[in-house]
1. Check the stretch 168-177 and report whether any residue there is under 30 Å from SER72 (Cα atoms), assigned to a helix (DSSP H, G or I) and either open to solvent by 90 Å² or more (accessible area, probe 1.4 Å) or not aromatic (Phe, Trp, Tyr) (or both).
2. Take the residues in the stretch 137-167 that are loosely packed, with under 12 Cβ neighbours inside 10 Å and among the charged types (D, E, K, R), then tell me which one is nearest to TRP108 (Cα to Cα).
3. Could you tell me whether VAL119 is open to solvent by less than 50 Å² (accessible area, probe 1.4 Å), aliphatic (A, V, I, L, M) and either within 30 Å of SER72 (Cβ to Cβ) or in contact with a Leu (Cβ under 6 Å, 6 or more places away or on another chain) (or both)?
4. Can you tell me which of TRP63, TRP155 is of a type in the set (Phe, Trp, Tyr) and under 23 Å from LEU49 (Cβ atoms)?
5. So which residues in the stretch 122-136 are open to solvent by 40 Å² or more (accessible area, probe 1.4 Å) and part of a loop (DSSP other than H, G, I, E, B), if there are any at all?
6. If we keep just the residues of the stretch 42-78 that are touching a residue at least 12 places away in the same chain (Cβ under 8 Å), more than 19 Å from VAL171 (Cα to Cα) and in a loop (DSSP other than H, G, I, E, B), which is most open to solvent (accessible area, probe 1.4 Å)?
7. With the requirement that a residue be open to solvent by 100 Å² or more (accessible area, probe 1.4 Å) and either in contact with a Cys (Cβ under 9 Å, 6 or more places away or on another chain) or touching a residue at least 24 places away in the same chain (Cβ under 8 Å) (or both), what does the stretch 89-103 give you?
Amino acid sequence: MLSLTSAPLSLAPTAVMGRASAPKMSFADEFTFDSKPWSSSEIKDKAGLEALAKKLNPTVGLWDPLGIAETSPETIGWFRHAEIKHGRVAMAAFVGYCVQSNGIHFPWNIQGWQGTPVVSFADIAAAGGPADQWDALSTPAKLQILGVIGFLEMWSETSVVLKADGQEHYVRGGKPGY
């Protein structure tokens with residue numbers, strides 16, 4: 001087996017490659033905190049999406065193979081909101097996966113009152129990885145998790161709740177991602 005320590009002792013010639021100049025990564029000239037197009041509700045058409053894409057990624061610009069930019073402002077708002085929401089869910093899921101994979105859990109019991117068998121979070125964590133832990137949950141526990149997610153989804157889409165916060169629904173001109 002080749003050892004890493006024998007590499008400097010070898011007699012094979014090596015070519016010295018010149019390093020290409022690195023691009024300058026400075027936000028001082030082109031980026032300000034005053035204009036935040038990604039948090040505004042003004043992007044409702046193809047021109048707005050093109051301007052946003054060019055500002056955020058000047059190399060690629062707008063890449064729209066599905067033709068979403070050609071649709072109505074409501075559809076654009078729906079897709080922008082869905083992208084923000086799914087990004088947030090993915091970040092939370094990644095943190096949850098890392099926490100579960102490292103065996104971190106709550107110190108109390110999940111169930112064990114009114115005659116039900118005692119099941120602690122440690123019992124679920126001992127099942128293995130996150131997929132095995134999901135399989136170790138009882139069906140009522142899984143339904144409870146899915147029910148809470150469904151309730152939160154419904155609550156975030158309710159116009160009455162948004163109006164109480166002084167917001168408008170994202171397909172009616174409100175801010176996507178609120």
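The values are calculated or read from the model by the stated rules, or taken from the named source; none is laboratory data. A quick note: this is a predicted structure, and the numbers were derived from the prediction, not measured. Cβ atoms come from the backbone with ideal geometry, glycine included; neighbour counts cover every protein chain shown. Calculation scope for accessible area: heavy atoms of the full protein, side chains included, ligands and nucleic acids excluded. Shrake-Rupley method; radii C 1.70, N 1.55, O 1.52, S 1.80 Å.
1. Of the residues in the stretch 168-177, the ones under 30 Å from SER72 (Cα atoms) are 168-177.
Then drop every residue that is not assigned to a helix (DSSP H, G or I), which leaves 170-172.
Within this subset, residues satisfying the condition of being either open to solvent by 90 Å² or more (accessible area, probe 1.4 Å) or not aromatic (Phe, Trp, Tyr) (or both) are 171-172.
There is at least one residue in the stretch 168-177 that is under 30 Å from SER72 (Cα atoms), assigned to a helix (DSSP H, G or I) and either open to solvent by 90 Å² or more (accessible area, probe 1.4 Å) or not aromatic (Phe, Trp, Tyr) (or both).
2. The extreme case among them is GLU153.
3. No; evaluated as a whole, the condition is false for this residue.
4. Values: TRP155 fails: under 23 Å from LEU49 (Cβ atoms).
That would be TRP63, the only listed residue that is of a type in the set (Phe, Trp, Tyr) and under 23 Å from LEU49 (Cβ atoms).
5. Within the stretch 122-136, the first condition is being open to solvent by 40 Å² or more (accessible area, probe 1.4 Å), and the residues that meet it are 122-123, 126-127, 131-132, 134-136.
The answer is ALA126, ALA127.
6. For the stretch 42-78, the residue satisfying everything is LEU62.
7. Selection gives TYR97 alone.
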